[in-house]
Amino acid sequence: MLVGLFAAWVYRAQQPTTIEATIVSIDASGPVARNQKSLSKAENPRPFFRPAVPPSEPGRWSPLPSLNAPLAALYPILKARADQGDAPAACRLSAELHWCTRVQEAIDFEVSANRIKVQKRLDPDGHCSGVSASHRRQAIGYARQAALAGSLSAIEAYVGGDLMSADIEAAADYVAEYADEAPRLAEAGLQAGSRRILDRYMMATADSGGLDWFSRAVGSNLRPSRRAMIWLLAMRVSPETAPELMVPGDPNPAIRKVGFIFDLPIDSVQALNVVVADWQQMWFSEAGRAHSGQAEGTRSFAARPENEPRPDFNRDCSERYIEAPLSRPAIVWPEVRTL
């Protein structure tokens, strides 16, 4: 089972949401386009960067507007609120813009003759009509603002790097901030019981080339003991992947397999597993989530219009907040000897 689990995460880590794909796509724009971009960058070195507005007091956040209104009508309302520090509005605006980016990507992928039919299928109510590319590329900035304000849905989206991959040109203006913030936000999200953050950590352990956005951000911090702990935690959170880990008595096949993969002695893996068992109870058990005020996330930023309806952005962006996520204590990762 562990081999299959590893293979699944390797496959997902190899999908084209990568920094390498970003570099290739930018280079493929041609010398003339690159020269034009260079002139623009000389005038404004980060034309797509938007500084995050500090969050206002949560008591000042009004209920989010209807889900049924077209985004072109909602945009000025949500933007005005987000620019005043309304974190749910920033989250909702980013999620909406990202959804419409995916709709447009799916339309552009089709041959010209099929595009109208695809547009009617993916956006039957014209929700994304009138939303320009310049509007859509603001998704990263508003997601970052909501993430820094503590929205767990926005943290999952920003850390995951999908928004960065969806707009490689705008993403280039956020590389330094992302490299600094993503690992710290990820630890805050993990301690809040986010399975999506845990999934990103798992992908990072499988991404030996460091091509995924998050993999590149955590980089050398994922030493063998940390990788082993991520695997052990994932197996506890999803015990169907390695049921033998949950059987009393050590050593067992799961412990041995993790030790083999990460070149760690059995006794070291056993010691790490004791710590991980506490983490699972504190962060991912029903009692732990109730204590932290968190719950399982939904798919506002991860949904794909090709096979899913438009999500409930309001629910995702109004719930699951972490207070001052960048100020939370870092996770203490024990270090153990290797073979």
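The values are calculated or read from the model by the stated rules, or taken from the named source; none is laboratory data. Predicted model, so just to flag it, every value in this text is computed and none were measured. Glycine gets a Cβ as well: all are built from the backbone with ideal geometry, and neighbour counts include every protein chain shown.
State which residue is modelled with the lowest pLDDT when the search covers only the range 268-297 and only residues that are of a type in the set (S, T, N, Q) and within 18 Å of G189 (Cα to Cα). Even if it seems obvious, please write down each step before you answer.
Step one: list which residues in the range 268-297 are of a type in the set (S, T, N, Q), which gives 268, 270, 273, 280-281, 285, 292, 294.
So of that shortlist, the ones also within 18 Å of G189 (Cα to Cα) come out as 280-281, 285, 292, 294.
On the way: Q280: 95, Q281: 95, S285: 85, S292: 44, Q294: 47.
Per the stated criteria, the residue is S292.
Output the residues belonging to the range 111-153 that are aliphatic (A, V, I, L, M) and under 17 Å from R310 (Cα atoms). Walk me through how you get there before you give the answer.
If we filter the range 111-153 for residues that are aliphatic (A, V, I, L, M), which is where we start, we get 111, 113, 116, 118, 122, 131, 133, 139-140, 143, 146-149, 152.
Result: V118, L122, V131, A139.
The rows are residues; the columns are (1) within 19 Å of I322 (Cα to Cα); (2) crowded, with 21+ Cβ neighbours inside 10 Å; (3) in contact with a strand residue (DSSP E or B) (Cβ under 8 Å, 6 or more places away or on another chain).
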| site | (1), (2), (3) |
| --- | --- |
| D83 | no, no, no |
| P88 | yes, yes, yes |
| W99 | no, yes, no |
| Q104 | no, no, no |
| D108 | no, no, no |
| Q145 | yes, yes, no |
| M164 | no, yes, no |
| G193 | yes, yes, no |
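Taken over the range 162-198, the criterion of being among the charged types (D, E, K, R) and free of Cβ contacts under 8 Å to residues at least 24 places away in the same chain is satisfied by D180 alone. Screening I140 on (1) under 23 Å from A72 (Cα atoms); (2) free of Cβ contacts under 8 Å to residues at least 12 places away in the same chain; (3) of a type in the set (V, I, T) shows it passes everything except condition (2).
Which helices (runs of 4 or more DSSP H) sit wholly inside the range 89-159 and have at least 3 residues that are modelled with pLDDT of 95 or more? So the answer is 139-148.
Between F214, F260, the distinction of being touching a Lys or Arg at 6+ places or on another chain (Cβ under 6 Å) and part of a helix (DSSP H, G or I) belongs to F214 only.
Consider the range 190-211 and keep the residues that are over 20 Å from P329 (Cα atoms) and hydroxyl-bearing (S, T, Y). The one that is modelled with the highest pLDDT is T205. May I ask you to verify whether G219 is farther than 18 Å from P55 by Cα, over 13 Å from the mean Cα position of the chain (by Cα) and in a loop (DSSP other than H, G, I, E, B)? So G219 fails the test. Residues of the range 190-211 that are over 21 Å from L272 (Cβ atoms) and assigned to a helix (DSSP H, G or I): R196 alone. Hey, can you tell me all the residues within the range 187-216 that are closer than 24 Å to A52 by Cα and out of contact with any Gly (no Cβ under 9 Å at 6 or more places or on another chain)? E187, G189, L190, Q191 - these are the residues of the range 187-216 that are closer than 24 Å to A52 by Cα and out of contact with any Gly (no Cβ under 9 Å at 6 or more places or on another chain).
Taking the conditions exactly as written (part of a helix (DSSP H, G or I) and under 17 Å from the mean Cα position of the chain (by Cα)), does A186 satisfy them or not? If you could, list the steps in order and put the result at the bottom.
Numbers: part of a helix (DSSP H, G or I): yes; under 17 Å from the mean Cα position of the chain (by Cα): yes.
For A186, the condition - part of a helix (DSSP H, G or I) and under 17 Å from the mean Cα position of the chain (by Cα) - is met.
Which of the residues that make up the range 298-326 are among the aliphatic types (A, V, I, L, M) and modelled with pLDDT of 90 or more? I322, A324, L326 - these are the residues of the range 298-326 that are among the aliphatic types (A, V, I, L, M) and modelled with pLDDT of 90 or more.
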